[in-house]
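Asker: This is the structure I have questions about; it appears just below.
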Amino acid sequence: MLFADDVVLLGESREELNGRLETWRQALEAYGFRLSRSKTEYMERNFSKRRSGSTLELKVGDHIIPQVTQFKCFGSIVQNDGEIEADVNHHIQSGLLKWRIASGVLCDKKVPFKLKGKFYRTTVRLTMLYGTKCWAVKSQHESKVSVAEMRMLCWMSGKTRHDKIRNDTIREREREREREREREREREWGYHL
């Protein structure tokens with residue numbers, strides 16, 4: 001192993017964390033590894049809502065570690081206020097990025113909508129929703145994801161606001177297609193028995 005990534009150290013106080021960080025640094029250097037001073041950062045999460053009286057700075061050797069309000073850890077964005085707003089935005093952006101990569105196929109009128117829907121469900125939607133099962137979701141987060149998904153469905157069907165088609169109509173068409181696919185799978189499964 002040449003490097004380790006996304007290591008999280010936890011402590012009740014900055015003093016305790018400084019001790020753990022120094023122990024970690026010494027253990028790495030004993031085996032010829034190095035703790036990256038430029039990439040190391042810390043975030044303080046005050047669960048008791050009281051101000052920390054400590055003015056001690058976290059250090060790796062002589063290098064002072066910068067404090068951040070959010071960081072990416074194991075694929076999720078963690079914020080010091082305990083919210084998931086940045087993580088929701090990150091997942092939506094990931095879905096939109098996958099959409100842009102495949103927009104040549106998904107926006108092509110010659111491609112059947114059934115194929116577009118299958119591709120959308122297996123790549124774009126899964127990318128957007130990956131890792132979201134452990135979220136404590138608020139209605140505003142559900143709304144953001146729903147708006148992004150609706151925007152992509154409209155683009156996929158070739159509809160714009162100028163067409164004056166309600167979102168419910170487009171969603172109902174997609175739901176009907178999904179129900180049709182389920183009935184088709186059930187029929188196929190029945191033939192196998």
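Asker: To the nearest 0.05, what FRET efficiency results for Glu41 and Cys107 with a Förster distance of 45 Å applied to their C-beta separation?
Answerer: Numbers: r = 40 Å, r/R0 = 0.88.
With R0 = 45 Å, the Cβ-Cβ based efficiency is 0.70.
Asker: Shifting gears a bit: Per the helix-only calculation at 222 nm, which mean residue ellipticity applies to the chain, given -39500 (n - 2.57) for every DSSP H run of n ≥ 4 and division by its residues, nearest 500 deg cm²/dmol?
Answerer: On the way: 6 runs with 96 residues, N = 193.
The per-residue figure over the chain is -16500 deg cm²/dmol.
Asker: Could you pull out every residue, at least 5 positions away or on a different chain, whose amide H is within less than 5 Å of the one on Ile84? Hs are placed 1.01 Å off N in the peptide plane, and Pro or chain starts have none.
Answerer: Amide H neighbours of Ile84, under 5 Å, 5+ apart: none.
Asker: Another question, if that's okay. Under the Karplus relation 6.51 cos²θ - 1.76 cosθ + 1.60, θ = phi - 60°, what is the ordered set of whole-Hz ³J(HN,Hα) values for region 127-134, x standing for Gly and Pro?
Answerer: The phi angles translate into 5, 5, 9, 5, x, 9, 5, 9 Hz.
Asker: I've got another one for you. With Cβ to Cβ distances under 12 Å as the rule, what net charge do the other residues near Arg25 carry (K, R +1; D, E -1)? Please list the in-between numbers first.
Answerer: Values: positive: Arg20, Arg34, Arg37, Lys59; negative: Glu22, Glu29, Asp62.
Surrounding charge for Arg25 is +1.
Asker: For region 77-92, just list the computed ³J(HN,Hα) in residue order, Karplus coefficients 6.51, -1.76 and 1.60, θ = phi - 60°, integers in Hz, with x standing in for Gly and Pro.
Answerer: 9, 9, 10, 6, 8, x, 7, 10, 4, 5, 5, 4, 4, 5, 5, 5
Asker: List, in the order given, every pair from Lys98/Lys133; Lys72/Lys144; Lys110/Lys144 whose Cα-Cα distance in the structure shown is over 26 Å. Each step should come with its number before you reach the end.
Answerer: Working: Lys98/Lys133 20 Å; Lys72/Lys144 21 Å; Lys110/Lys144 30 Å.
Checking Cα-Cα distances, Lys110/Lys144 exceed 26 Å.
Asker: List, in order, the whole-Hz ³J(HN,Hα) value for each residue of region 117-123 obtained from phi through the Karplus relation with A = 6.51, B = -1.76, C = 1.60 and θ = phi - 60°; use x for Gly and Pro.
Answerer: x, 5, 5, 4, 5, 8, 10
Asker: A further question on this structure: Under a 10 Å cutoff between Cα atoms, tell me which one of Glu182, Glu15, Glu174 has the largest fluctuation in the Gaussian network model of the chain.
Answerer: Glu182
Asker: Put +1 on the Cβ of every Lys and Arg and -1 on every Asp and Glu Cβ in the chain; which of Ser36, His91, Thr23 then has its Cα farthest towards the positive end of the dipole?
Answerer: Result: His91, furthest along the dipole toward the positive end.
Asker: Distance in nm between label sites at Asp163 and Glu142, each 7 Å beyond Cα in the beta-carbon direction?
Answerer: With each label placed 7 Å out from Cα toward Cβ, I get 2.7 nm.
Asker: Can you tally the net charge around Ala136? Count Lys and Arg as +1, Asp and Glu as -1, for every other residue whose Cβ sits under 14 Å from the Cβ of Ala136. Show your work: numbers first, answer last.
Answerer: Working: positive: Lys133, Lys138; negative: Asp81, Glu83, Glu85, Asp87, Glu142.
Neighbourhood net charge equals -3.
Asker: Using 7 Å Cα-to-Cβ label points, what is the Gln79/Glu172 separation (nm, one decimal)?
Answerer: Calculated label separation equals 3.6 nm.
Asker: Under a straight-distance cross-link criterion of Cα-Cα below 12 Å, which aspartates and glutamates are reachable from Lys116, leaving out those fewer than 8 residues away in the same chain?
Answerer: Cα-Cα hits under 12 Å: Asp108, Glu174.
Asker: Report the label-to-label distance for Glu182 and Ala86 in nanometres (one decimal), using points 7 Å from each Cα along the Cα→Cβ vector.
Answerer: Rounded to a tenth, the inter-label distance reads 3.8 nm.
Bear in mind these aren't lab numbers, they're just calculated from the coordinates by the rules spelled out. Since this is a predicted model, take the numbers as computed values, not measurements. Cβ: placed from backbone, ideal geometry, glycine included. Neighbour counts: every protein chain shown.
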